[in-house]
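The values are calculated or read from the model by the stated rules, or taken from the named source; none is laboratory data. These numbers come from a predicted model, not from an experiment. Cβ sites come from the backbone with ideal geometry, for glycine too, and all protein chains shown count toward neighbours. To get the accessible areas, we keep the full protein, side chains included, count just its heavy atoms, and leave off ligands, DNA and RNA. Shrake-Rupley method; radii C 1.70, N 1.55, O 1.52, S 1.80 Å.
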Amino acid sequence: MQVAVVKYNAGNIYSVMNALRRLGVDPLLTDDANQLRQADRVLFPGQGEALGAMTYLREHGLDEVIRSLTQPVLGICIGQQLLCKHSEEGDVDCLGIFDVPVKRFVPTLHEDKVPCMGWNKLYDTKSALMEGVESQYVFFVHSYYVPLCQETIAVADYIQPYSAGLHKDNFYATQFHPEKSGGVGERIIKNFLEL
């Protein structure tokens, strides 16, 4: 199985590569359109800022490449947010796979800190991607969130309930970092590889 990781100007790609290697996969890090289209699975991870990331994707034609993929694709963290319609971060239109906006957390209590950083529990999980992880804790770092929508496949709570995972057609996404979430995250990556 050929697993490709999208190479673009977003951090945290190497921890995803290492998580795949721990599962016995030798991933290909690439921004080549043909290699991405020919891969059996594509991971679209990242940490960073939406406007800069979308600018880079458009300048390198990766926005159209990602939209055109037909194999299972997994967006992680900002990868999930970039698969959505629009982000408040930089007021930028994104890839539009999921027809839902990305919003900034607005603290309502003194103890509400932004960014949300740390372990949080998943609930209302569905889809083969989330098999075996109901009520498990995973690791989050984010200031922006995807509201609940019909494509939500996992929910987490921080200030309000939000989409911790999404699924539409061949596109899957997690707001949390499975590659930093121990055995639970490893299970999710394994689920993705077995879709």
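Rank Ala154, Ala53, Ala173 by mean-square fluctuation in a GNM of the chain with C-alpha springs under 10 angstrom and give only the top-ranked residue.
Maximum fluctuation in the GNM of the chain, among the listed residues, is at Ala53.
Would you work out which of Gly24, Tyr172, Gly185 lies farthest towards the positive end of the dipole of the chain, given +1 charges on the beta-carbon of Lys and Arg and -1 on that of Asp and Glu, about the Cα centre?
Of the candidates, Gly24 comes out farthest on the positive side.
Taking the alpha-carbon distance from Lys103 and a cut-off under 19 Å, which aspartates and glutamates remain once sequence neighbours fewer than 8 residues away in the same chain are dropped?
The reachable aspartates and glutamates, counting only those whose Cα sits under 19 Å from Lys103, are Glu49, Glu88, Glu89, Asp91, Asp93, Asp112, Glu151, Asp157.
Nearest 500 deg cm²/dmol is fine: what mean residue ellipticity at 222 nm does the chain get from its DSSP H runs of n ≥ 4 alone, each adding -39,500 (n - 2.57), divided by its residue count? Don't jump to the answer; show the numbers that get you there.
Working: 6 runs with 50 residues, N = 195.
Helices in the chain give a 222 nm mean residue ellipticity of -7000 deg cm²/dmol.
Quick check: at a probe of 1.4 Å, how many percent of the accessible area of the chain sits on carbon and sulfur atoms?
Working: 4090 of 8430 Å².
C and S atoms contribute 48 percent here.
Calculate the dipole size of region 43-177 relative to its Cα centre from +1 charges on Lys and Arg beta carbons and -1 charges on Asp and Glu beta carbons; express the result in debye to the nearest 20. Before the final figure, lay out the partial values.
Values: 9 positive and 17 negative charges, 28 e Å.
So the dipole magnitude of region 43-177 works out to roughly 140 debye.
Which order do the peptides 64-71, 124-131 come out in when sorted by mean C-beta neighbours inside 10 angstrom, highest first? Mind showing how you got there, number by number?
Values: 64-71: 14.9, 124-131: 17.4.
Packing proxy ranking, top to bottom: 124-131, 64-71.
Which of rounded, prolate or oblate describes region 1-99 when judged by the alpha-carbon gyration tensor and an a/c cut-off of 1.5?
Details: a/c = 1.93, a/b = 1.51, b/c = 1.28.
Prolate.
Decide, for region 119-195, between rounded, prolate and oblate: order the square roots of the alpha carbon gyration tensor eigenvalues as a ≥ b ≥ c, take rounded if a/c falls under 1.5, and otherwise choose prolate if a/b is larger than b/c, else oblate. Present the calculation step by step, with values, prior to reporting the outcome.
Numbers: a/c = 1.64, a/b = 1.16, b/c = 1.42.
Taking the square roots of the gyration eigenvalues as a ≥ b ≥ c, region 119-195 is oblate.
Using a 1.4 Å probe on the protein heavy atoms only, what accessible surface does Met117 show? Give it in Å² to the nearest 10.
That residue has around 140 Å² of solvent-accessible surface.
Could you tell me whether region 62-195 comes out rounded, prolate or oblate from its Cα gyration tensor? Rule is a ≥ b ≥ c as square roots of the eigenvalues, rounded for a/c under 1.5, then prolate if a/b exceeds b/c, otherwise oblate. Write down the numbers at each step before the final one.
Values: a/c = 1.85, a/b = 1.09, b/c = 1.69.
Here region 62-195 falls in the oblate category.
Taking amide H atoms as placed 1.01 Å from N in the peptide plane, list the residues 5 or more away in sequence, or in a different chain, whose amide H sits under 5 Å from that of Lys7.
Close amide H contacts, sequence-distant or interchain: Thr30, Asp31.
Per residue, how much accessible area does the chain show when a 1.4 Å probe rolls over the protein heavy atoms, in square angstrom? List each step's numbers first, then the result.
On the way: 8430 Å² over 195 residues.
Here the residues of the chain average 43 Å² of exposed surface.
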